[in-house]
2 protein chains.
Amino acid sequence: MDPVISKHSLLPTNLGPGDAFIVIDVQNDFLPGGSLSIDKGYEVVAPLNRYLRLFQKKQIPLFFSRDWHPVDHCSFEKFGGRWPAHCVAESVGAQFCPALDVPESAIIISKATEVSEDAYSCFQSTGLHETLQRQNIKRLFVGGLATDYCVLESVKDAVRLSYTVVVLEDAIRAVDNEAGDGHQALEEMESLGCQTLTLDRWLPYPQTASALLVDLYQINMMKSFWDRRMNQTAMFEFYVRRLPKERGFLLAAGLEQVLEYLETLNFSDQDLDWLKDQLLLPQDFLDYLKSFRFTGRVEALPEGTVFFQEEPVLRITAPLLEAQFVETRIINLLQYQTMIASKAGRIVLSAPGKSLVDFGLRRAHGAEAGLLSARASYLAGFSGTATVQAGALFDIPLYGTMAHSFVQVHDRESDAFEHFVRSHPQNTVLLLDTYHTEQAAEKVVTLASRLKKEGITIQAVRIDSGDLGAHSKKVRSILDAGDCPEIKILASSNLDEHSIRQLVQEGAPIDGFGIGTRLVTSQDVPCLECAYKLQEYDGVPKRKLAEGKKTWPGRKQVFRNYDDRGRMCGDILSLETEPQQGTPLLKEFLNKGRRLQPPTSLEASRSIASQQLNTLPKALKQLETHSPYPVEISLALEEFTRSLPPPRD
Amino acid sequence: MDPVISKHSLLPTNLGPGDAFIVIDVQNDFLPGGSLSIDKGYEVVAPLNRYLRLFQKKQIPLFFSRDWHPVDHCSFEKFGGRWPAHCVAESVGAQFCPALDVPESAIIISKATEVSEDAYSCFQSTGLHETLQRQNIKRLFVGGLATDYCVLESVKDAVRLSYTVVVLEDAIRAVDNEAGDGHQALEEMESLGCQTLTLDRWLPYPQTASALLVDLYQINMMKSFWDRRMNQTAMFEFYVRRLPKERGFLLAAGLEQVLEYLETLNFSDQDLDWLKDQLLLPQDFLDYLKSFRFTGRVEALPEGTVFFQEEPVLRITAPLLEAQFVETRIINLLQYQTMIASKAGRIVLSAPGKSLVDFGLRRAHGAEAGLLSARASYLAGFSGTATVQAGALFDIPLYGTMAHSFVQVHDRESDAFEHFVRSHPQNTVLLLDTYHTEQAAEKVVTLASRLKKEGITIQAVRIDSGDLGAHSKKVRSILDAGDCPEIKILASSNLDEHSIRQLVQEGAPIDGFGIGTRLVTSQDVPCLECAYKLQEYDGVPKRKLAEGKKTWPGRKQVFRNYDDRGRMCGDILSLETEPQQGTPLLKEFLNKGRRLQPPTSLEASRSIASQQLNTLPKALKQLETHSPYPVEISLALEEFTRSLPPPRD
């Protein structure tokens, strides 16, 4: 298989042999503090360094020019010139700015080295042109100082010598002796046929999720549909085919991020440039993409809703191109949070009344996983997270303790404890197991009794290794015997719902658990068998027949029934229009691309999850999954499915 | 455990002229330690400061009311009132809380300044109403203390005076003399038609990884170290304690992202504002954070290097505050890519000569996981990815096919095929299993022979369900019989190294594999037992003794030895300074916070990985892991470890 784009093809598309990078006169004397200082001179350094890195990657030759005058140079006022003395060869003022990266491999071009000749252009009497010719250079990327003198003159010479010139617009600054000189110089260079470039149009590509966070096939299919103007209303449903054997139920989460994605989806200019250059898409299709927005409808289970296999969690009804395009990110967002909320829900059920905190950022699969696992676990009933940015983003309560290294850098563990408490007198959790857990607990008692006299209390201790049950009992005894019954015990170390239930059942006196890796990776079930499938197009129900991956066509609804104690007792998956007993679960959230109500707060979704977990049938509140919850396919839906004609051909 | 910051909830609006912000009585006497203290009074300060900043941005007038009593005020118990003496004009108790931002431009409203008149409402005898009218104010945003007294009475007056009132629900707290008073007051205000508002919707915090992408404990520890000016050089090592039983080796990946993180790490103004308001950090510490940069040194295994348990993958040597702070994100970045590259390396070994493409974005744990799994799998030897943004970011070749829905929206499968080929005449992969795989292959043959006359070729077909081996054989026969030997076969559907090896061994005529879920979640091993541990501080080796989590102290090096056929045959983990046989693997990448050479290109790292996989011992090229690779701990390192004195105390 050939790839559609191949490697080494970053913008500008054809960077490579024949190109050179020229940095003009970024010397101390031209920078603030120098004898011929340019006010904003320093501003060129950061972009030049970034450009440099890009050019280096492409192994493009690098040239750095500099003024390199004799002490009695003719351009100096004292010797009849117009400038103060500057850039005297070998002086500090003539050195390149220390913050500028000048690689070993760069070629240095010294200008105006003779008493009687002044030179603004890096081509004047420097042999640069000959050097470039030997290397068969055709195009120059030029930045540096100053726009209205040496950059301008160098560029003019370059144009005269038939080079293609690209002026790095964000990496030049002007003297501006007269206001507007720099601007005028740039205009002059453009009028000579120079191109201009800025970094943000180029690289780096943003690491944040952009509209390009899709599978290539979405764009390929979009292009095909667009070619034929096939854009009738399509309906897709997201659902989980089968529950993993380790899960008796799932908890819907991630809808809020999906709605945000759909409401803000659009291609940036950078996206469009990239698509144009890399996928060679035609301009009229690019114009369509420029105006592309999601204009459809979303029905979904509210976040925090318990659901089961084959039940639609989210339905998209939209023009085909939109409904198809959003597949990748919708699955990406819904699967992960649903998986984490479901895992967290089990942990919540296994530890009634305990404080549960997400500690998982470091082992999460990247930044977004860390942020969203904090959100999904809080939604499912956790007390909070250790991830600061999740607190900032989602207003989730934050919890923090200390690391072993904190103890280790102190000569004495007891000093470390006291030091930490005094820095955080309101809110301290001390870590006990750096050396010896029970001995550390004794130190806490000693410290606590001393600090109590000052009105400072220690909130909790944490145990992070060994037999947590045994240690917690011993530590509890030590704390109680030491008259510290108010100090709570927090435990962590590879915990999950099973080990927590075990600790709870054996009566371990642990008040709270920090849960990391096994939560944020959903270690026992790191993926769900979920799908986003076309069920209807242009009013016609659609059905896929692939082996083991059949689908229920048409618009459906989930009806939930409760027993007389208010516990869920059975769902019916039926056609949307079919009258059924029970509460319909899918609700409308977005219409014509706009929300029907303000975003649901995370707190409100958390209440839903709590209420849903409470109404689970008893068997599903257990960690074991022997008794699957009944989900009935309505007769009408079965009938309807059977009645569909096989695909033509 | 109490969280360090607690939850609030949501708010968006149309702020502007006609609005005013009123903060009621946030004075020392109403805060813990004051004469009429409200237990949770401090909790209003952070949200009020955040609201304040928002209102200031919109140039909304700001009013701060205060009780400002004479010493013999009628509300004081001693003079027949119901309260202890409080907020006596000019006293410390009457001052605004020092942590509350009260801008110069704010208007101060003093209440109950006469001996004989008490006033809970900020409208009573203060002239506030007249002032607001002059400014044409229609809507008031009200927060402060206390919900059940002065806030309630002020709001009641405001409603009576026909203002629209928005109560800042997360920025008020109640006295709660009777439990529930505050709650009841809020209900009363709502019943009067007041809206309520909370912050978390209002300030969109960037979703991109910021400096706040850390565990809270990093900031807590940093603050403690800073309090004592403990900032000597610390050395931490990142390593994997034990190989998972499913892995015979690991492949280092993620260093490039770590270096980028370290080079660019800094706190934005928004980060600092947030830390100030939410964690109530002191200004001098915030000033320190503002200038915070990583200035240390990084030694590491180059990306693509094979490594084993206990071997340092990365070492940070830096001032303590920096070295500690970067822990969370370093683990987050290194674990994930290393895990994925290691999984991908096994897949590469199981399918020599086959084209392997990452299809996993949708099931990856969020956006960054999708992007970085594309990078890590390419590094390990994959041919490319389907993730468009990964192509844009990392210059990875892109591959794309089509989805079942593409076939389904067409009335005839053969129309779908032709339509797709005509849209992508250069590069078409047709999906066979929407309805019936072999029948679809027949249609491809018919279409291909017709299109050949037009000079259009079909590149490949894809099979995505059922018995891939059996289907691929039948499809190959059909294609060959139909004179289409050039059409390749691509397979996907829950593939991993085991199923691919099986297909390869049974001679399935499959040319390329699309690998998704099991790759990007590293499904069998979704986390590594990795750690980032302090090994030295201020020149003194450090050792942790926690059960099952002991560490090797000091600066170490990994020496690798090869047999006479150039295959790796054993590593030695030793002290850095110890002379050892073999090639040292750790190299220096960053010094004084700056790179020592330009970034290693992904292509170069991919070559390293390829070379490393080639030199694996034969047993490690198998998927089974019966024969662990020998990693010897040097005698000197063992000796050194034993010789360290136990921690003092």
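The values are calculated or read from the model by the stated rules, or taken from the named source; none is laboratory data. Predicted, not measured: the structure shown is a model, and the values here were computed from it. Every residue, glycine as well, gets a Cβ built from its backbone with ideal geometry; the counts of neighbours run over all protein chains shown.
Structural remarks
- Of the residues making up region B:385-428, those that are outside any helix (DSSP H, G or I), on the phi < 0 side of the Ramachandran plot and at the interface with chain A (Cβ under 7 Å from one of its Cβ atoms) number 15.
- Matching helices (runs of 4 or more DSSP H) fully within region A:258-339 where at least 3 residues are modelled with pLDDT of 90 or more: A:283-290, A:320-325
- So A:Arg293, is it more than 14 Å from chain B (Cβ to nearest Cβ), among the basic types (Lys, Arg) and within 25 Å of the chain's Cα centre (by Cα): yes
- Number of residues in region B:476-499 that are away from chain A (no Cβ under 14 Å) and of a type outside the set (Asp, Glu) equals 10.
A quick yes/no check of all residues on (1) under 38 Å from the mean Cα position of the chain (by Cα); (2) modelled with pLDDT of 95 or more; (3) within 24 Å of A:Cys194 (Cα to Cα):
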{"site": "A:Ser37", "(1), (2), (3)": "no, no, no"}
{"site": "A:Glu43", "(1), (2), (3)": "yes, no, yes"}
{"site": "A:Leu48", "(1), (2), (3)": "yes, no, yes"}
{"site": "A:Tyr51", "(1), (2), (3)": "yes, no, yes"}
{"site": "A:Lys58", "(1), (2), (3)": "yes, no, yes"}
{"site": "A:Pro98", "(1), (2), (3)": "yes, no, no"}
{"site": "A:Ala119", "(1), (2), (3)": "no, no, yes"}
{"site": "A:Glu130", "(1), (2), (3)": "no, yes, yes"}
{"site": "A:Lys138", "(1), (2), (3)": "no, no, yes"}
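- The combined condition, being exposed (fewer than 12 other Cβ atoms within 10 Å of the Cβ), among the small types (Gly, Ala, Ser) and in contact with a strand residue (DSSP E or B) (Cβ under 8 Å, 6 or more places away or on another chain), is fulfilled by B:Ser105.
- Test result for B:Ala376, within 7 Å of chain A (Cβ to nearest Cβ), among the hydrophobic types (A, V, I, L, M, F, W, C) and either surrounded by 24 or more Cβ atoms within 10 Å (Cβ to Cβ) or touching a Leu at 6+ places or on another chain (Cβ under 7 Å) (or both): no
- Restricted to helices (runs of 4 or more DSSP H) entirely inside region A:122-201, those with at least 3 residues that are farther than 19 Å from A:Phe64 by Cβ and in contact with a helix residue (DSSP H, G or I) (Cβ under 8 Å, 6 or more places away or on another chain) are A:181-191.
- Test: residue in region B:261-275 that is crowded, with 24+ Cβ neighbours inside 10 Å, in contact (Cβ under 8 Å) with a residue 60 or more places away in the chain and away from chain A (no Cβ under 14 Å): yes
- In the condition set (1) touching a helix residue (DSSP H, G or I) at 6+ places or on another chain (Cβ under 7 Å); (2) free of Cβ contacts under 8 Å to residues at least 40 places away in the same chain, A:Glu454 is compliant with all but (1).
- Residue in region B:495-507 that is acidic (Asp, Glu) and closer than 22 Å to B:Gly381 by Cα present: yes
- Selection from region B:219-239 of residues that are over 17 Å from B:Leu272 (Cα atoms), more than 8 Å from chain A (Cβ to nearest Cβ) and of a type in the set (A, V, I, L, M): B:Met235
- If you filter region A:531-550 down to residues that are surrounded by 20 or more Cβ atoms within 10 Å (Cβ to Cβ) and in contact with a Phe, Trp or Tyr (Cβ under 9 Å, 6 or more places away or on another chain), you find that the one that is farthest from A:Leu585 (Cα to Cα) is A:Ala546.
- Which numbered condition A:Glu588 misses (of (1) modelled with pLDDT of 95 or more; (2) in contact with a Gly (Cβ under 8 Å, 6 or more places away or on another chain); (3) closer than 30 Å to A:Leu393 by Cβ): (2)
- Members of region A:312-333 that are within 10 Å of chain B (Cβ to nearest Cβ) and not hydroxyl-bearing (Ser, Thr, Tyr): A:Leu320, A:Ala323, A:Gln324, A:Glu327, A:Arg329, A:Ile330, A:Ile331, A:Asn332, A:Leu333
- The lone criterion from (1) buried (at least 18 other Cβ atoms within 10 Å of the Cβ); (2) more than 9 Å from chain A (Cβ to nearest Cβ); (3) not in a loop (DSSP other than H, G, I, E, B) left unmet by B:Arg450 is number (1).
- In region A:47-61 there is no residue that is closer than 20 Å to A:Glu153 by Cα and hydroxyl-bearing (Ser, Thr, Tyr).
- Note on region A:341-373: residues that are touching a Gly at 6+ places or on another chain (Cβ under 6 Å), more than 24 Å from B:Val240 (Cβ to Cβ), within 10 Å of chain B (Cβ to nearest Cβ) and assigned to a helix (DSSP H, G or I) amount to 1.
- Subset of region A:77-96 (residues that are part of a loop (DSSP other than H, G, I, E, B) and under 49 Å from the mean Cα position of the chain (by Cα)): A:His86, A:Cys87, A:Ala89, A:Glu90, A:Ser91, A:Gln95
- Residues that are surrounded by fewer than 21 Cβ atoms within 10 Å (Cβ to Cβ) and modelled with pLDDT of 95 or more within region B:188-212 comprise just one, B:Glu188.
- Selection of region A:500-534 for residues being of a type in the set (Lys, Arg) and under 22 Å from B:Gln335 (Cβ atoms) yields only A:Arg518.
- The lone exception for A:Asn614 - which of (1) buried (at least 20 other Cβ atoms within 10 Å of the Cβ); (2) at pLDDT 95 or above it fails: (1)
- Unique match (being surrounded by fewer than 21 Cβ atoms within 10 Å (Cβ to Cβ) and either over 18 Å from B:Ile487 (Cα atoms) or over 38 Å from the mean Cα position of the chain (by Cα) (or both)) among B:Glu413, B:Glu442: B:Glu442
- Taken over region B:525-547, the criterion of being within 8 Å of chain A (Cβ to nearest Cβ) and small (Gly, Ala, Ser) is satisfied by B:Ala546 alone.
- Every condition in (1) out of contact with any strand residue (DSSP E or B) (no Cβ under 7 Å at 6 or more places or on another chain); (2) within 16 Å of B:Leu140 (Cβ to Cβ); (3) not polar (S, T, N, Q) is met by B:Gly80 except one, and the failing one is (2).
- Candidates are the residues of region B:617-649 that are within 14 Å of chain A (Cβ to nearest Cβ), assigned to a loop (DSSP other than H, G, I, E, B) and at negative phi; the one that is surrounded by the fewest Cβ atoms within 10 Å (Cβ to Cβ) is B:Pro645.
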